[in-house]
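Any read-out appearing in this document is the output of simple, stated calculations on the displayed coordinates, not a laboratory observation. Just so it is clear, the model here is predicted, and its values are computed rather than measured. Don't worry about glycine lacking a Cβ; one is built from the backbone with ideal geometry, like all the others, and counts go over all protein chains shown.
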Amino acid sequence: MSQDALSNLLQENRRFAPPADLAANANTTEDAYARAAEDRLAFWAEQAERLTWAKPWTEVLDWTDPPFAKWFTGGEINIAYNCVDRHVEAGRGDKVAFYWEGEPGDTRTITYADLQKEVCRAANALGELGVVKGDRVAIYMPMIPETAVAMLACARIGATHSVVFGGFSVDALRTRIEDADAKLVITADGGYRRGAPSALKPTVDQAVTKSVKNVLVVRRTGQDVEWTDRDVWWHDLVDRQPEEHRAEPHDSEHPLFILYTSGTTGKPKGILHTTGGYLTQTSFTHHAVFDHKPETDVYWCTADVGWVTGHSYIVYGPLSNGATSVMYEGTPDTPHRGRWWELVEKYGVTILYTAPTAIRTFMKWGDDIPARFDLSSLRVLGSVGEPINPEAYVWYRERIGGGRTPVVDTWWQTETGSIMISPLPGVTHGKPGAAMRPLPGISADVVDDEAKSVPDGSGGFLVLKEPWPSMLRTIWGDDERFVQTYWSRWPGLYFAGDGAKKDDDGDLWLLGRVDDVMLVSGHNISTTEVESALVSHPKVAEAAVVGASDPVTGQAIAAFVIPRDGGEIDVEELRAHVAQHLGPIAKPRQILLVPELPKTRSGKIVRRILQDIAEGRQIGDATTLADPAVMEHIKQALGL
Ligand code: WT7
């Protein structure tokens, strides 16, 4: 990235100190960094003691065959026992695990005692279907409590689950079932989205391969479904099972789940996570990063369970800590654009964890919507999934958090399993847009092309220098690709694929995927920085930037901008605004005003499509978009 652009971004100098009461009672304090730096493995051993082990480990980390790590070797543990039974045994069976809210407004309150019975019944049901330890189970579900129950039942018996996001198509589901060789698929007739039942079972019917012996179907919407001999209703099978089930201990390295991430090239990678280390780090980070207090907090992570955020911060992390969570089935604008804020008010949510794309959408919808609700229960706000631009950070803090709440910008990946870089809400003086420091026990750095650590005030590539407990163990069935993808660029370093920089204090700013870096007249300019500059203009709601090939400059910056409240924007003024913020080199060649942006179902902007538009090509494959109609609106606005 150009030094001009860098120094300009570092001009962001707003700072937010932790609230005094939060700092005074914080779960994790400054000394944790020093303790972990002194003896990293002792620090993680201490965190593993948060859990109840059936058999103690003999070694914290076995790193004799890098990059294949083994954590807490020799130890045995049951994850479902840790997430459910032990809370009941400790007399907290009446505590609410989930306040579940269906999109149509139906609700269910599930205590830890309820959850224990349901998980045990489901585990017994899996046994009756012949699913045994080591088998793979695909889970293709809406956001309903049975989804968490199904995951925990698999974990309980030692079957490896592969959750496939309920918005994925037949092909995506089939590839994943095939790659994992799944014996069972757990699904539902459908779920509610945007005010209507949306079918899931027909997709499963077309996606099942010959490895699949049964399809277990939850009745959620009551819509008509085709039925074959291999199909079993959840209510027929699970409801009649005994509510006791012995939780057999599993080896610390037993495969817990596979979760597929799509790279830029090739078939999806089945990221494999295992047992003891994964639960240790999800449990610790949920406790530390959100300052979670099980007695008083009501926690809500708005992700879908189909993504890693849902695995680690709806199911495993929070339940291991005995949390009371909100789980919501539907979309934020159904039946109205204040639905989330209505839920925060209704359940008294204290900790909210969501994504920048959602925050920017709410900014676009207007400040008056959250202002209508009582959000005073909130005390910690989290962000994940992409860099949060300073304007969105400040809006989130002010408009949602009432100016009181720390915002924790959490960097991690499907591969890392848990949060790796983040502020601590009772310790860190937050900087809008910065993920700040690696958590205690995590070694991260920013390096140049030769793997040399860059000095403060410069940018480069984010790497992880030491193994961490919840790291991916391999790519399912493809050790070679695991080594190639993550460990081959520089020997001994995990390459995350993200650009980052250190500011003058040595704090970390994430700049997005390195393949999102543009090369303009020989200067590296990150798409994120230009987007951030655009969004800092009061009339801009959201922006996406791509590098379009240019005969003169190599690449030129093309910006797609959504005006706030559908208003008008003077494009020349906006170009000047970017130049003023980042230097003339970052001035976009063209700015196109659009009503919407093409996004995947997980909210990531599909830059490839924007690049097609910017370079005047036929628009390529748009089937991965959350809403294909968006392309029509964009084309119309641009007169294409
Ligand atoms: C990629 C991983 C981790 C759960 C959700 C996404 C980007 C994630 C941040 C953040 C800047 C972020 C990175 C990362 N990312 N969090 N706080 N700041 N970038 O999981 O789909 O595996 O994507 O998301 O580029 O590599 P994922």
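Here are the numbers for this structure:
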{"quantity": "Rounded, prolate or oblate (a/c below 1.5 giving rounded, otherwise prolate when a/b exceeds b/c) for the range 136-274 by Cα gyration tensor", "calculated": "oblate"}
{"quantity": "Order of M471, M141, M631 under a 10 Å beta carbon neighbour criterion, fewest first", "calculated": "M631, M471, M141"}
{"quantity": "Rounded, prolate or oblate (a/c below 1.5 giving rounded, otherwise prolate when a/b exceeds b/c) for the range 377-460 by Cα gyration tensor", "calculated": "prolate"}
{"quantity": "Lysines whose Cα lies under 23 Å from that of K117, excluding same-chain neighbours fewer than 8 positions away", "calculated": "K95, K133"}
{"quantity": "Global geometry of the range 480-521, whether rounded, prolate or oblate, following the gyration tensor of its Cα atoms and the 1.5 cut on a/c", "calculated": "oblate"}
{"quantity": "Pair D236, S198: separation of 7 Å Cα→Cβ label points (nm)", "calculated": "2.8"}
{"quantity": "Check: the chain dipole with +1 on Lys, Arg Cβ and -1 on Asp, Glu Cβ, in debye", "calculated": "500"}
{"quantity": "Straight-distance crosslink candidates among lysines, where the alpha carbon sits under 19 Å from K599 and sequence neighbours closer than 8 are dropped", "calculated": "K364, K635"}
{"quantity": "FRET efficiency, 1/(1 + (r/R0)^6) with R0 41 Å, evaluated for L41 and D333 via beta carbons", "calculated": "0.30"}
{"quantity": "Bins of 5 Å from zero: percent of alpha-carbon pairs in the range 397-546", "calculated": "2, 9, 15, 20, 20, 16, 11, 6, 3, 1"}
{"quantity": "Qualifying trypsin sites (Lys or Arg not before Pro) for the range 569-640 [loop in DSSP, other Cβ within 10 Å: at most 14]", "calculated": "R617"}
{"quantity": "Size of electric dipole in the range 319-425: Cβ of Lys, Arg +1 and of Asp, Glu -1, about Cα centre, debye, nearest 20", "calculated": "180"}
{"quantity": "Per-selection Kirkwood Rh - the chain (Cα, Å, 1 d.p.)", "calculated": "25.2"}
{"quantity": "Amide H within-cut-off set for R404, under 5 Å, with H built and near neighbours excluded", "calculated": "none"}
{"quantity": "The chain, helix-only ellipticity at 222 nm - DSSP H runs n ≥ 4, -39,500 (n - 2.57), divided by all residues, nearest 500", "calculated": "-7500 deg cm²/dmol"}
{"quantity": "Leading residue at positive end of dipole, the chain (Cβ point charges), from T474, Q590, V463", "calculated": "Q590"}
{"quantity": "Charge dipole magnitude, Cβ of K and R +1, D and E -1 - the range 584-639, Cα centre, debye nearest 20", "calculated": "260"}
